[in-house]
Amino acid sequence: FAKQAQQDNERRHYAKKERIADLWEADRAVLLTLPEHGYEAFRMSAAVANKYGEIRVDEHTIPLAGLVQPGKEVLIQIFWDRLVLLTSQQQRIREVPRPYTGRTADIPWEQVFTNLLRKPRSVTHSQFVRMLPEALQTYVKATDWAERKERLQALLHWSGVYEMEHIRQVLEESGPEATVAQLSAALGILQSNRDIPAAWPETLSPPGTQTAESLERYDRLMGVS
C-alpha cells in the first residue's frame, strides 16, 4: 500500500494537470496548526429567574438555589449534555446536566440552608426540603421557630463538612430529639471512624531512618543508656 501510494503521488491531477505530490506540498504550506483544546459547540439562550429562584430550560424547571435573585436575567450555555448557567456579566453560577441525559445535579446544600435560614417559614414548601431524606425533612420542620432556626444553622454547618448521607445516618440512629451538640459529636465520631487510617505514613524522617524499629541507635549517638 505504501509503495502504491508513493506511485500515486506521481500521477497528474485529472483537472489541474499537476502532480499530486506538488499539489500536496502547496496545500501543506498553508495548513493551520490544530487547536490544543477541542471546541465544543453550544448555543446561547437567556431566561429570567422567577419569584421562586427558578428558570425554565428545555421545558424543565431548573432551580438556582438562591444563587440568583428573582427577576434577574441568567445566560445559558446549552451544550449537548449540560447547561452552564451564567450571570449577565458571564460569571459562572452552576452547571447542571441536560434533563434527557438522566443524570442528576449536585445540590449546593450550604446555599440552600443559608436561604432557608433567612426565611425559616419557607421550609414547609421548599422544593429542596422535599429532596431531603425523610428523617431530615422531619428534623428541619420543627414547629418551634427558635428550634427550627437552630437546626437550620446546624445543617448549614454540617453540610459544609459532612456528606448528607452521613447526616441522615446519624440522625436516624440518634433520633430527632437529640440535641445539636449530641448530633455534632456523633458526626465527628462517624467521620473519624471512616476517614482516619489505622497508620499514618511517615514521610518527614530522613531516608534510611523510617524503618527503624527502636530508638537504640539514636540513644547511643546521644550518649543515653
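The values are calculated or read from the model by the stated rules, or taken from the named source; none is laboratory data. Note that the structure is a prediction, hence the values are computed from the model and not measured. FYI the Cβ positions are ideal-geometry reconstructions off the backbone, even for glycines, and counts take in every protein chain you see. Accessible surface areas use protein heavy atoms only, side chains included; no ligands, DNA or RNA. Shrake-Rupley method; radii C 1.70, N 1.55, O 1.52, S 1.80 Å.
Taken residue by residue, the range 10-19 has no member that is under 30 Å from R148 (Cβ atoms), touching a Leu at 6+ places or on another chain (Cβ under 8 Å) and either in the same structural domain as M131 (by the TED database) or open to solvent by less than 60 Å² (accessible area, probe 1.4 Å) (or both). Counting the residues of the range 44-63 that are at pLDDT below 85, in contact with a strand residue (DSSP E or B) (Cβ under 9 Å, 6 or more places away or on another chain) and farther than 22 Å from R103 by Cα gives 1.
Table: residues versus (1) open to solvent by less than 50 Å² (accessible area, probe 1.4 Å); (2) part of a strand (DSSP E or B); (3) touching a Pro at 6+ places or on another chain (Cβ under 9 Å); (4) under 30 Å from N9 (Cα atoms).
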| site | (1), (2), (3), (4) |
| --- | --- |
| Y39 | no, no, no, no |
| A46 | no, yes, no, no |
| V68 | yes, no, no, no |
| I76 | yes, yes, no, no |
| V84 | yes, yes, no, no |
| Q89 | no, no, no, no |
| E95 | no, yes, no, no |
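Please work out which residue is nearest to the chain's Cα centre (by Cα), limiting yourself to the range 40-86 and to residues that are among the hydroxyl-bearing types (S, T, Y) and within 24 Å of L116 (Cβ to Cβ). By that ranking, first place goes to T61. Considering each residue of the range 97-110, count those that are open to solvent by less than 50 Å² (accessible area, probe 1.4 Å) and outside any loop (DSSP other than H, G, I, E, B), and give that number. Matching residues across the range 97-110 total 4. For Y14, the conditions (1) free of Cβ contacts under 8 Å to residues at least 12 places away in the same chain; (2) assigned to a helix (DSSP H, G or I) all hold with the exception of (2). Within the range 48-66, the set of residues being assigned to a strand (DSSP E or B) and open to solvent by 70 Å² or more (accessible area, probe 1.4 Å) comprises V48, R56, H60.
In the range 24-37, the qualifying residues are those that are open to solvent by 100 Å² or more (accessible area, probe 1.4 Å) and of a type in the set (A, V, I, L, M, F, W, C), and the one that is farthest from M131 (Cα to Cα) is W24.
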